[in-house]
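Just below is one structure, and these are the notes that go with it.
Only the coordinates and a few stated rules stand behind these numbers; no lab work does. Please read these numbers as outputs of a predicted model, since none were measured by experiment. Cβ: placed from backbone, ideal geometry, glycine included. Neighbour counts: every protein chain shown.
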């Protein structure tokens, strides 16, 4: 039940991010989505998911061979919507950790929140507001 609910939200969130990114009016560090923005996208999505009542979503950043990658975790599930920046990885992964995630050494783990102290907080918050507006417009069109 949790996996299917989170999977649906992950697909919707990624689709909304893609739509907003296509406008070109997004923070510079998000323009290459999904490449190079797994941290901020995971943080923003986790901030949102922590408001929907499905559990506590944690931001996780792992290290491997000098590289980093970030995703979310909730009740034993990985939630990753930027995996396709790596070869042979799906764009959306919502499941228990597979061997690929086992290769990453956990470096950071904390409750997923978008910290107001973040350097680009204002720009990122406006981006998230636009993503959430996309989500809401999709929900409205489904309800019609």
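Cα-based values for region 54-133, radius of gyration first and Dmax second, are 13.7, 38 Å. Going 7 Å from the Cα of residue 95 toward and past its Cβ, which residues in region 1-43 have a backbone nitrogen under 15 Å from where you end up? Hits in region 1-43 for residue 95 at 15 Å: 3-4, 7-8. Placing a pseudo-label 7 Å from each Cα along the Cα-to-Cβ vector at residue 28 and residue 68 gives an inter-label distance of 1.9 nm. Counting neighbouring Cβ atoms within 10 Å and putting the fewest first, the residues 45, 63, 1 line up as 1, 63, 45.
In terms of the Cα gyration tensor, with a ≥ b ≥ c the square roots of its eigenvalues, is region 2-116 rounded because a/c is under 1.5, prolate because a/b exceeds b/c, or oblate? Verdict is rounded for region 2-116.
Descending by average beta-carbon neighbour count within 10 Å, the peptides 76-85, 110-119 line up as 76-85, 110-119, the highest first.
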